[in-house]
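Below is one structure, written out as structure tokens; the observations come after it.
The values are calculated or read from the model by the stated rules, or taken from the named source; none is laboratory data. Just so it is clear, the structure is predicted and the values come from calculations on it, not from any experiment. Cβ: placed from backbone, ideal geometry, glycine included. Neighbour counts: every protein chain shown.
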Amino acid sequence: MIGYVCKYTPVEIIKAFDEEVSRIDPEIKTYEKAEGLTHPNMCSFMKGTLEDILQKNIDEVVLVNCCDSIRRLAEILKNKVKFLHVIDLPRKINESACNLFYAELLEFIRAYEEYKGKKFDQDRFKNILKEHKAKIYDSNECIAVLGARFRDDVIKNIGKRCNINVINLTCTGEHRLSNIMQRNDLIFNYASAIMNSYPCMRMTADRLAFLKNYNLKGIIYNTVKFCDFYSYEYASLKNFLNVPILKIETDYLDFDSGQILNRVDAFLESVGVRKIEVQVKNRGYFMGIDSGSTSTNAVILDQDKNIVSYSILPTGAKALDSAWEAYRIALEKANLRREDISCVVSTGYGRISIPFSDKSVTEITCHGKGAFYLDSGVRTIIDIGGQDSKVIRLDDCGNVVDFVMNDKCSAGTGRFLDVMARVLQVPIEDMAEVVRDFKEDITITSMCTVFAESEVISLIAQNKDKRDIIRGLNRSVASKVASLLGRVGKRAKYMMTGGVAKNNGVVYEIENKIQEKIIIPFEPQIVGALGAALIAAGEND
Amino acid sequence: MNAVNAYLKLVRKNLDKPTIAYKFIKYGLNVAEKYVSFFPDRRLPESLRSLTKLCFKYIRAPIDNPQNAVWVNIFAPTEFLHAMDIYPLFIEAYSSYMSGFCVEDCLIDKAESAGISNTLCSYHKAFIGSGELGILPKPKMAVTTSMVCDANINTFRYLAAKFDIPIYIIDIPYEYNRNTVEYVKGQLLEMIGLIEGVFNKKLDLDRLREIISLENRTRKLIKEYINNLKYKSFNTTMATEMYMLFTSHVFMGLEETFDFYERLVDDIKKAPDRSGKGIFFVHLLPMFEKSFKKYLNFSSEFQILGSDLNYDFLNEMYCPDPFEAIAEKMILNIYNGGFERRVKAVSNLVDEIKPDGIIQFCHWGCKQSIGGVGIYRNYFRERGIPFLAVDGDAIDKRNNQEGQIRTRLEAFLEMLKRR
């Protein structure tokens, strides 16, 4: 079996040799061997592919020198597999580039004939190409998946969550080969068809024009950590196309994680194409329950959408127990019984594990609903919770139109401040102090919680004033928020939600940084649950 | 130094005011050039003092004269620009100067907040951040090559679209043969057509031939310098080795560059015999990193012998057909093509210079270099030459974990001392 990774690989030529060919789609969990052979900061797809080839003993590999990572992969694989061939793919699409690629294909055929001791079968190749039909554009509304490659099961997973067509425009997608002319030199025509397929970011051709062939309702844009190609396109695309875009960053293997699916769901909700689970009722009392990583909060509304009661509890070791307890306390405070509640909507990281909820909606949509309910002038929500921070942009009707979240890192979250309070040996309340009369302007430079922790330890060792360090830490959280705000663009009014909104020190530093006033609701932790309760009461999600 | 710090604070404070920030940067570069002219660092040999000054001149020209400037990457064929009296702005060097101005963090944050990946190379992020902030003057056009690093095409394409300027991308194939040379030649001809149109002037082929001839003579001097490094050495700095990237790449073929190498050869001949342990770098030198600066700059115990990046093409070029000569130069660069080409070239340099230890500074986001760390490690282990790979960032100082780097470097140097 010959393994390959790139869509520009001459798969049909390999098939004409009557050989089995398979796209390598790593599903491994660790990079034990790969990280011994290369650097940990290489892209996770490259490391995954290397690990997969070694684990599965794939001994024939054809690569295209697509990017720096794959080029290094090729060199690492030398002497580790029986047959390795690297095809040099030109980046331009013109006649002389096609000629070069044609020569590369002939060289591949020669090399494989020599290795395998069998001839390339022209007739078989001709028959394979006869069966090929180029993909025809679909004019129906669709969600496009764009950017770095996705695994096939991931595309299916997105399809299941969406009520319109999902098209895969990544390099594992549908536009691998354009039409092939059957006359004259078939291999040259084939080379030309491969070169003229929808270009990947490596090529110099314009990719954006191609998108105009589709009726796009939204774009899910994937970037892979340490694969930097696609972030450029994302940065241009958001200014070029008037289509909602969700950017996600994965390490290729973790797409199915709750954090990423959460964003996809929120995005599909915001463009109105998420599959609806149940019909909601519109009489009685309605509950929203937000099962977060740090606190579990519940809100009950009456049918006129007035807040009847709410509860806030720390999330214990078992999220479900905390959810039941928040549910019970909210009922008790409102003097209601379970049967009085017509509908329960759950949100937060634990939302799918709450058996008594009728429906689950992401906290992004819920924070949007809740904040807009509290103040209809709010256009930007800064939500800093225990394990993530996000900025949500609302339109004039309170619908979520864009959002960004921190990526897989606790810097700039409530957890970051918890860790630092522990290092400084101060109660978390002391971290909330507004420090105006600082002695020294300390900047915490480390971007990662673990490194920031050692930086703080060394500041303590230098006898720096704790209040100055706290100010530095709060400013570091503010700077993370400012960066997220930069990505969605600033627009007043601002509201801050989540537990960290109770930290006056952080709020003060964010206000300073963005030079705008931030509204802090009376109980910032319940905004998500409030939004869920509003959806339970019949507001569109 | 207080005046310098006050100035740096002022630049930082005004980064969101593009016109003012641009003026401050111009002013700072101008004053710095004058400073190094009047108060050169006496610890450096005369040739390297003149190099510092020369680099300020080279970086200032396109910033001061954007209407006659082209953005280029380090591997771009700037011979054409020199032949047409156009100033190249060498983007990697620009980012390095911005790190010297201590504003790289703001620039990088700006690029990341525009959506650029945080795992991208900091040289590119800092340049993009400058473009996003508008503190870079708009040049006439941009020229980049696909060589060596994936970021080149993307950074240039992104900023060219943002600034609405023409761009030419030269695609350099991996292998050297007749077809690939013709493919590159064809592109160079197309590029010249574009440059001539943009600047409304003609390329003088004879002038181009003279530049290539001077390049050949300069490379002879470089080889002579390498030859002397075997026995002799200066107590130099990482910064001067990095400055040499101006003369070995973007400004190769100019009279002043030739003069610099002539002086360098004179100085190395006069230099004392190597007394300390010689350190050779593959790829970049961490000129801003504290521990490296402390242990290597001006050290007679551990002497910097240079980097392979300054010697990535040492062949003679064929003057009568400058297009062919330049196409060959790009395809045959040791950083282009398979990694074995680079290993072989480093191996030749090691045979020539005979360092006591090799360091690969694994620069944040530089996949093309760090991906080969395992290959280098195995190669030097086989040859019995101590090798250190250390992670960090040549631009963004926030990515350098001081304690971790210090421990690794000290342990490596202790190891060298014992040998």
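Can you pull out the residues in the stretch B:189-213 that are within 14 Å of chain A (Cβ to nearest Cβ) and buried (at least 16 other Cβ atoms within 10 Å of the Cβ)?
Result: B:191, single match.
Kindly indicate the residue of the stretch A:519-539 that is free of Cβ contacts under 8 Å to residues at least 60 places away in the same chain and assigned to a loop (DSSP other than H, G, I, E, B) and also farthest from residue A:383 (Cα to Cα) among those meeting that condition.
A:522
Within the stretch B:342-376, track down each residue that is assigned to a helix (DSSP H, G or I) and more than 10 Å from every other protein chain (Cβ to nearest Cβ).
B:344, B:345, B:346, B:347, B:348, B:349, B:350, B:351, B:352, B:353, B:376
Looking only at the stretch B:377-411, count how many residues are within 11 Å of chain A (Cβ to nearest Cβ), within 23 Å of residue B:101 (Cβ to Cβ) and assigned to a helix (DSSP H, G or I).
Residues flagged as within 11 Å of chain A (Cβ to nearest Cβ), within 23 Å of residue B:101 (Cβ to Cβ) and assigned to a helix (DSSP H, G or I) within the stretch B:377-411 amount to 4.
For residue A:342, only one of the following conditions fails: (1) surrounded by 24 or more Cβ atoms within 10 Å (Cβ to Cβ); (2) part of a strand (DSSP E or B); (3) out of contact with any helix residue (DSSP H, G or I) (no Cβ under 7 Å at 6 or more places or on another chain). What is its number?
Here residue A:342 clears every test but (1).
I'm checking my understanding of the structure. Among residues of the stretch B:155-174 that are assigned to a helix (DSSP H, G or I) and of a type outside the set (A, V, I, L, M), which one is nearest to the other protein chains (Cβ to nearest Cβ)? First the steps, then the outcome.
Step one: of the stretch B:155-174, the residues assigned to a helix (DSSP H, G or I) are B:155-163.
From what is left, the residues that are of a type outside the set (A, V, I, L, M) are B:155-158, B:162-163.
Numbers: B:155: 7, B:156: 10, B:157: 7, B:158: 5, B:162: 8, B:163: 13 Å.
Among those that are assigned to a helix (DSSP H, G or I) and of a type outside the set (A, V, I, L, M), it is B:158.
Which of the residues that make up the stretch A:249-263 are within 14 Å of chain B (Cβ to nearest Cβ) and more than 21 Å from residue B:109 (Cβ to Cβ)?
A:250, A:251, A:252
Run residue B:315 past the list (1) surrounded by fewer than 16 Cβ atoms within 10 Å (Cβ to Cβ); (2) within 14 Å of chain A (Cβ to nearest Cβ); (3) not charged (D, E, K, R) and report the number of the one that doesn't hold.
Checking residue B:315 against (1) surrounded by fewer than 16 Cβ atoms within 10 Å (Cβ to Cβ); (2) within 14 Å of chain A (Cβ to nearest Cβ); (3) not charged (D, E, K, R), the one that fails is (2).
Residues that are closer than 29 Å to residue A:394 by Cβ, out of contact with any strand residue (DSSP E or B) (no Cβ under 6 Å at 6 or more places or on another chain) and not charged (D, E, K, R): list the helices (runs of 4 or more DSSP H) wholly contained in the stretch A:201-276 that include at least 3 such residues.
Of the helices (runs of 4 or more DSSP H) lying wholly inside the stretch A:201-276, those with at least 3 residues that are closer than 29 Å to residue A:394 by Cβ, out of contact with any strand residue (DSSP E or B) (no Cβ under 6 Å at 6 or more places or on another chain) and not charged (D, E, K, R) span A:229-240, A:258-270.
Could you please find all residues in the stretch B:175-188 being surrounded by fewer than 18 Cβ atoms within 10 Å (Cβ to Cβ), at the interface with chain A (Cβ under 7 Å from one of its Cβ atoms) and closer than 20 Å to residue A:86 by Cβ?
Within the stretch B:175-188, B:175, B:179 qualify.
To keep it simple, each residue is scored yes or no on (1) over 22 Å from residue B:341 (Cβ atoms); (2) out of contact with any Phe, Trp or Tyr (no Cβ under 6 Å at 6 or more places or on another chain); (3) within 11 Å of another protein chain (Cβ to nearest Cβ); (4) surrounded by 14 or more Cβ atoms within 10 Å (Cβ to Cβ).
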| site | (1), (2), (3), (4) |
| --- | --- |
| A:67 | no, yes, yes, yes |
| A:81 | no, yes, no, yes |
| A:94 | yes, yes, yes, yes |
| A:100 | no, no, yes, yes |
| A:115 | yes, no, no, no |
| A:119 | yes, yes, no, no |
| A:122 | yes, yes, no, no |
| A:128 | yes, yes, no, yes |
| A:131 | yes, yes, no, no |
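Got a sec? Which of A:311, A:293, A:376, A:389 is among the small types (Gly, Ala, Ser), touching a residue at least 12 places away in the same chain (Cβ under 8 Å) and closer than 21 Å to residue A:538 by Cα?
A:376
Within the bounds of the stretch B:190-202, is there any residue that is under 28 Å from residue B:286 (Cα atoms), in contact (Cβ under 8 Å) with a residue 12 or more places away in the chain and not in a helix (DSSP H, G or I)?
So the first thing to find is which residues in the stretch B:190-202 are under 28 Å from residue B:286 (Cα atoms), and the list is none.
For the stretch B:190-202, residues under 28 Å from residue B:286 (Cα atoms), in contact (Cβ under 8 Å) with a residue 12 or more places away in the chain and not in a helix (DSSP H, G or I): absent.
State all residues of the stretch A:456-510 that are among the small types (Gly, Ala, Ser) and touching a residue at least 24 places away in the same chain (Cβ under 8 Å); if no residue qualifies, say none. Explain how you work it out, then say what you get.
Looking only at the stretch A:456-510, we keep the residues that are among the small types (Gly, Ala, Ser), and these are A:458, A:461, A:472, A:476, A:478-479, A:482-483, A:486, A:489, A:492, A:498-499, A:501, A:505.
Correct list: A:472, A:476, A:478, A:479, A:482, A:489, A:492, A:498, A:499, A:501, A:505.
Looking at (1) more than 20 Å from residue B:62 (Cα to Cα); (2) at pLDDT 95 or above; (3) among the polar types (S, T, N, Q), which is the one condition that is false for residue B:145?
Here residue B:145 clears every test but (1).
Pick out, from the stretch B:1-64, the helices (runs of 4 or more DSSP H) lying fully within it that include 3 or more residues that are out of contact with any strand residue (DSSP E or B) (no Cβ under 8 Å at 6 or more places or on another chain) and surrounded by 20 or more Cβ atoms within 10 Å (Cβ to Cβ).
B:18-38, B:46-64
May I ask you to verify whether residue B:86 is in contact with a His (Cβ under 9 Å, 6 or more places away or on another chain) and not assigned by TED's automatic domain parsing to the domain that holds residue B:298?
Taking the combined requirement at face value, the residue does not satisfy it.
Hey, among A:87, A:93, A:109, A:14, which residue is of a type in the set (Val, Ile, Thr) and farther than 17 Å from residue A:187 by Cβ? Outline the logic, then answer.
Working: A:87 fails: farther than 17 Å from residue A:187 by Cβ; A:109 fails: farther than 17 Å from residue A:187 by Cβ; A:14 fails: farther than 17 Å from residue A:187 by Cβ.
One residue alone meets the criteria, A:93.
Could you tell me which of the residues A:501, A:492, A:532 is within 25 Å of residue A:292 (Cα to Cα) and not assigned by TED's automatic domain parsing to the domain that holds residue A:351?
None of the others qualify; the one that does is A:501.
Kindly establish whether residue A:485 is within 14 Å of chain B (Cβ to nearest Cβ) and either of a type outside the set (D, E, K, R) or buried (at least 17 other Cβ atoms within 10 Å of the Cβ) (or both).
Taking the combined requirement at face value, the residue satisfies it.
Take the residues of the stretch A:50-64 that are in contact with a Phe, Trp or Tyr (Cβ under 6 Å, 6 or more places away or on another chain) and within 14 Å of chain B (Cβ to nearest Cβ): which is surrounded by the most Cβ atoms within 10 Å (Cβ to Cβ)? Give the derivation first.
Start the filter on the stretch A:50-64 by keeping residues that are in contact with a Phe, Trp or Tyr (Cβ under 6 Å, 6 or more places away or on another chain), which leaves A:51, A:60, A:62, A:64.
So of that shortlist, the ones also within 14 Å of chain B (Cβ to nearest Cβ) come out as A:51, A:64.
Values: A:51: 21, A:64: 24.
If we take residues in the stretch A:50-64 being in contact with a Phe, Trp or Tyr (Cβ under 6 Å, 6 or more places away or on another chain) and within 14 Å of chain B (Cβ to nearest Cβ), then A:64 is surrounded by the most Cβ atoms within 10 Å (Cβ to Cβ).
Against the definition (exposed (fewer than 15 other Cβ atoms within 10 Å of the Cβ), in the same structural domain as residue A:467 (by TED's automatic domain parsing) and at pLDDT below 80), how does residue A:450 come out, yes or no?
Details: exposed (fewer than 15 other Cβ atoms within 10 Å of the Cβ): yes; in the same structural domain as residue A:467 (by TED's automatic domain parsing): yes; at pLDDT below 80: yes.
When the stated conditions are applied, residue A:450 passes them.
Counting only residues that are in contact with a strand residue (DSSP E or B) (Cβ under 7 Å, 6 or more places away or on another chain), assigned to a loop (DSSP other than H, G, I, E, B) and more than 14 Å from chain B (Cβ to nearest Cβ), how many does the stretch A:21-49 have?
Taking the stretch A:21-49 as the starting set, the residues that turn out to be in contact with a strand residue (DSSP E or B) (Cβ under 7 Å, 6 or more places away or on another chain) are A:21-24, A:39, A:43-45.
Still in the running and assigned to a loop (DSSP other than H, G, I, E, B): A:24, A:39, A:43.
Keeping just the survivors that are more than 14 Å from chain B (Cβ to nearest Cβ) gives A:24.
Residues that pass the stated criteria total 1.
Hey, does the stretch A:139-151 have a residue that's assigned to a strand (DSSP E or B) and without any contact (Cβ under 8 Å) to a residue 60 or more places away in the chain?
no
Quick one: how many residues across the stretch A:57-81 are free of Cβ contacts under 8 Å to residues at least 24 places away in the same chain, over 13 Å from residue A:4 (Cβ atoms) and more than 24 Å from the chain's Cα centre (by Cα)? If you could, list the steps in order and put the result at the bottom.
Keep residues of the stretch A:57-81 that are free of Cβ contacts under 8 Å to residues at least 24 places away in the same chain, which gives A:57, A:68, A:71, A:74-75, A:78-79.
Pick out the ones that are also over 13 Å from residue A:4 (Cβ atoms) and you get A:57, A:68, A:71, A:75, A:78-79.
Those left that are additionally more than 24 Å from the chain's Cα centre (by Cα): A:57, A:71, A:75, A:78-79.
Looking only at that region, the number is 5.
Can you pull out every residue in the stretch A:221-238 that is more than 9 Å from chain B (Cβ to nearest Cβ) and among the polar types (S, T, N, Q)?
A:222
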